[in-house]
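Notes follow the structure.
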Amino acid sequence: MSYSDPPPPSGPFGGQPPYGGDQPYGAGQPGQPAKTSGKATAAMITGLVGALTLCCGFFVVSSIAAVVLGFLARRDIAASGGTLKGDGQALTGIIAGGLGIALFVVSILLVLTGVVDYNFDYSTS
């Protein structure tokens, strides 16, 4: 009886497939749910804070941050190939941030034209 040579191994370590397979770096494992983008969540929160606190003019900075973060998040989500979600949150941040900026500009124009007066002198003497 003679034996033939054994077949060559099909992968590293004798037939075990390589770790990660053919997935590109950063891609999620198959079957894992998509992760929500932190930038999208931050855009939504800062946009709502900026739009809802219009009475305090310095919060316009959070509206500007919401618009910037919203666009960055949407770009990241589109480039992630389905591993990131939160496009609706990013869009909410963009819209709420834009609304906060627009209302801030309108309030400044109303004050500068004299339509709204911040002189709260109610004395009758």
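The values are calculated or read from the model by the stated rules, or taken from the named source; none is laboratory data. Note that the coordinates shown come from a computational prediction; the quantities given were computed from them, not determined experimentally. Reconstructed Cβ throughout: ideal geometry from the backbone, glycine too, with neighbour counts over all protein chains shown.
What to note about this one:
- Verdict on PHE104 being among the aromatic types (Phe, Trp, Tyr) and at pLDDT 90 or above: no
- Criterion applied to THR36, THR92 was being of a type in the set (Val, Ile, Thr) and at pLDDT 95 or above, and the one residue passing it is THR92.
- Residue ID - nearest to ALA42 (Cα to Cα), chosen from residues in segment 69-83 that are in contact (Cβ under 8 Å) with a residue 24 or more places away in the chain and among the hydrophobic types (A, V, I, L, M, F, W, C): LEU69
- Taking the criterion of being exposed (fewer than 12 other Cβ atoms within 10 Å of the Cβ) and among the polar types (S, T, N, Q), the residues of segment 86-125 that qualify are THR113, ASN119, SER123, THR124, SER125.
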